[in-house]
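Asks: Below are the structure tokens for one structure; questions will follow.
Bear in mind these aren't lab numbers, they're just calculated from the coordinates by the rules spelled out. Note that this is a predicted model, so its numbers are computed, not measured. When we count neighbours, we look across all protein chains shown, and the Cβ atoms used for this are built from the backbone with ideal geometry, even at glycine.
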Amino acid sequence: MKKVTVSATKEYDVVIGKGLLEDCGKMIVKTVGKSNAAIITDDIVDSIYGEKVEKSLCECGIKVSKFVFKNGEESKNLETYCEILEFLAENKLKRNDIIVALGGGVVGDIAGYAAATYLRGIKFVQIPTTFLAAIDSSVGGKTAVNLKAGKNLAGAFHQPSLVICDTQTLETLSADRFADGAAEAIKYGVLDGEELFEKIASGDYIAEIEDIIAKCVEIKAEVVKNDEFDTGMRQLLNLGHTIGHAIEKCSNFEITHGHAVALGMLYISRAAYKLKLVEKDISDKILNALIKNNLPVSCSFSPEELSEAAGSDKKRNADTINFIIPKDIGDCVIKPLNPQDLLKIISAGM
Ligand code: NAD
Ligand code: GLY
């Protein structure tokens, strides 16, 4: 078992290990006390892990209610969010009660946003069940839902009180959903350096998954400690995301976040070299890492479609869009670029 402590507005532990779900009740009581809990989860995760988590909480004397919504990005919207708030109120959750977000990034983001706003904020615990949620979305306190205009346009910073990552849950993920997490792991590799990058790029790391998750969480914890509210270096974690979000949007969310970010990283690394923003071409390294991790290397949208979608990305700062430019493995920079150059950048990347 491994533990990483995140120091933000609030300090909390990310506990990573095999078979932790059975003891999640005890871990939660130890951290937040014996309050009532609302489990928020999706239908697939509920069918596999709902009972186990509920049992563990009940055995510790926690009174549990459970809200289950349809799995998938299309549920990460204001409608589901409002249904969750109404559910919490109907079940009389109080200020000292907690939300338990059991699932992938969609569950974590929407349940976290409900926790941030219900009664002006209650505590929540993240129990990530996807590789992506384990290494990224469950840590750092970004919570959100999508609006029609784009991804994550309504949300709040609200740190969890505890993150319990049971690596055994990753065993029931499909290859495609595992690959979504691999895309974010490749991102951490590009940000951090050769050692982690080469390990992930090999596609051969499942035996070391606990160490990999802990390493990625450590990287994220360090970034969040220095820039919790995303005004500076935290933006580095958005490597591949501007084009990635555009791909998700153009596909009407048929292309998942991880797959889209994978393409976004490939396109921006290619564009950066072709447009002479960097001296070194690392796009082939990224391409090979994507192939080894069963991730896509092309998509069917035109540069025009993607640049239009990227133009409405929320990370657009007044007259500029902050792109994360990989100069080398382990060396990325934030570069404000002119939105008028979006088409040129995306065309060069594809
Ligand atoms: P997801 O939550 O939609 O989960 C993917 C699918 O896997 C779903 O169908 C789900 O039911 C299923 N699933 C989950 N756990 C499972 C398990 N153990 N076994 C079998 N099936 C399982 O998607 P995701 O990739 O986990 O998360 C993507 C979301 O995370 C996006 O909305 C993205 O914007 C968000 N995100 C947020 C942050 C953040 O910092 N808040 C960071 C990265 C991504
Ligand atoms: N996944 C981006 C962030 O947490 O900032």
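Asks: Just to be sure, is residue 290 in a helix (DSSP H, G or I) and out of contact with any strand residue (DSSP E or B) (no Cβ under 9 Å at 6 or more places or on another chain)?
Replies: The answer is yes for residue 290.
Asks: Let me ask something additional. What tally of residues in the stretch 138-154 results from selecting those that are buried (at least 20 other Cβ atoms within 10 Å of the Cβ) and closer than 22 Å to residue 250 by Cβ?
Replies: 4
Asks: Moving on to the next point. Hey, could you check the stretch 141-162 for residues that are basic (Lys, Arg) and part of a strand (DSSP E or B) and say which is nearest to ligand 1 (Cβ to nearest atom)?
Replies: Checking each candidate, the answer is 142.
Asks: So, one more: Which of the numbered conditions does residue 258 fail, given that it passes all the others? Conditions: (1) part of a helix (DSSP H, G or I); (2) farther than 16 Å from residue 190 by Cα; (3) within 13 Å of ligand 1 (Cβ to nearest atom); (4) not polar (S, T, N, Q).
Replies: (2)
Asks: When residues of the stretch 163-178 are filtered for being part of a helix (DSSP H, G or I), of a type outside the set (Lys, Arg) and surrounded by fewer than 23 Cβ atoms within 10 Å (Cβ to Cβ), how many remain?
Replies: Of the residues in the stretch 163-178, 8 are part of a helix (DSSP H, G or I), of a type outside the set (Lys, Arg) and surrounded by fewer than 23 Cβ atoms within 10 Å (Cβ to Cβ).
Asks: Which of (1) within 11 Å of ligand 1 (Cβ to nearest atom); (2) crowded, with 23+ Cβ neighbours inside 10 Å; (3) over 20 Å from residue 78 (Cα atoms); (4) not aromatic (Phe, Trp, Tyr) does residue 110 not meet, given it meets every other one?
Replies: Of the numbered conditions (1) within 11 Å of ligand 1 (Cβ to nearest atom); (2) crowded, with 23+ Cβ neighbours inside 10 Å; (3) over 20 Å from residue 78 (Cα atoms); (4) not aromatic (Phe, Trp, Tyr), the odd one out for residue 110 is (3).
Asks: Does residue 271 fit the bill of being more than 22 Å from residue 196 (Cα to Cα), assigned to a helix (DSSP H, G or I) and either among the small types (Gly, Ala, Ser) or within 11 Å of ligand 2 (Cβ to nearest atom) (or both)?
Replies: Yes; evaluated as a whole, the condition is true for this residue.
Asks: To continue, here is another question. Do you know which of the residues in the stretch 170-209 that are within 14 Å of ligand 1 (Cβ to nearest atom) and of a type in the set (Val, Ile, Thr) is nearest to the chain's Cα centre (by Cα)?
Replies: Step by step, filter the stretch 170-209, then rank; the result is 186.
Asks: Are any residues in the stretch 129-140 more than 10 Å from the chain's Cα centre (by Cα) and either part of a helix (DSSP H, G or I) or within 16 Å of ligand 2 (Cβ to nearest atom) (or both), and if so, which ones?
Replies: If the condition is that a residue be more than 10 Å from the chain's Cα centre (by Cα) and either part of a helix (DSSP H, G or I) or within 16 Å of ligand 2 (Cβ to nearest atom) (or both), then no residue fits.
Asks: Scan 35, 47 and give me the residue that is farther than 13 Å from residue 139 by Cα and without any contact (Cβ under 8 Å) to a residue 24 or more places away in the chain.
Replies: 47
Asks: So which residues in the stretch 273-286 are out of contact with any Asp or Glu (no Cβ under 7 Å at 6 or more places or on another chain) and under 13 Å from residue 240 (Cβ atoms), if there are any at all?
Replies: Passing the criteria: 283, 286.
Asks: So, one more: Considering only the stretch 15-101, give the helices (runs of 4 or more DSSP H) lying wholly within it that have at least 2 residues that are in contact with a strand residue (DSSP E or B) (Cβ under 6 Å, 6 or more places away or on another chain), within 16 Å of ligand 2 (Cβ to nearest atom) and of a type outside the set (A, V, I, L, M).
Replies: Those helices (runs of 4 or more DSSP H) do not exist here; none qualify.
Asks: Something else about it: With the condition kept exactly as written, say whether any residue in the stretch 301-317 is among the hydrophobic types (A, V, I, L, M, F, W, C), more than 20 Å from the chain's Cα centre (by Cα) and farther than 21 Å from residue 144 by Cβ.
Replies: yes
Asks: Only one residue in 107, 125 is in contact with a strand residue (DSSP E or B) (Cβ under 7 Å, 6 or more places away or on another chain), more than 13 Å from ligand 2 (Cβ to nearest atom) and part of a strand (DSSP E or B), so which one is that?
Replies: So the residue among 107, 125 that is in contact with a strand residue (DSSP E or B) (Cβ under 7 Å, 6 or more places away or on another chain), more than 13 Å from ligand 2 (Cβ to nearest atom) and part of a strand (DSSP E or B) is 125.
Asks: If you don't mind, there's one more thing I want to ask. Does the stretch 282-292 contain any residue that is surrounded by 21 or more Cβ atoms within 10 Å (Cβ to Cβ), small (Gly, Ala, Ser) and touching a residue at least 40 places away in the same chain (Cβ under 8 Å)?
Replies: Yes, because at least one residue in the stretch 282-292 is surrounded by 21 or more Cβ atoms within 10 Å (Cβ to Cβ), small (Gly, Ala, Ser) and touching a residue at least 40 places away in the same chain (Cβ under 8 Å).
Asks: Just one of (1) part of a helix (DSSP H, G or I); (2) buried (at least 22 other Cβ atoms within 10 Å of the Cβ); (3) not polar (S, T, N, Q) trips up residue 295, so point out which.
Replies: Among (1) part of a helix (DSSP H, G or I); (2) buried (at least 22 other Cβ atoms within 10 Å of the Cβ); (3) not polar (S, T, N, Q), the lone unmet condition for residue 295 is (1).
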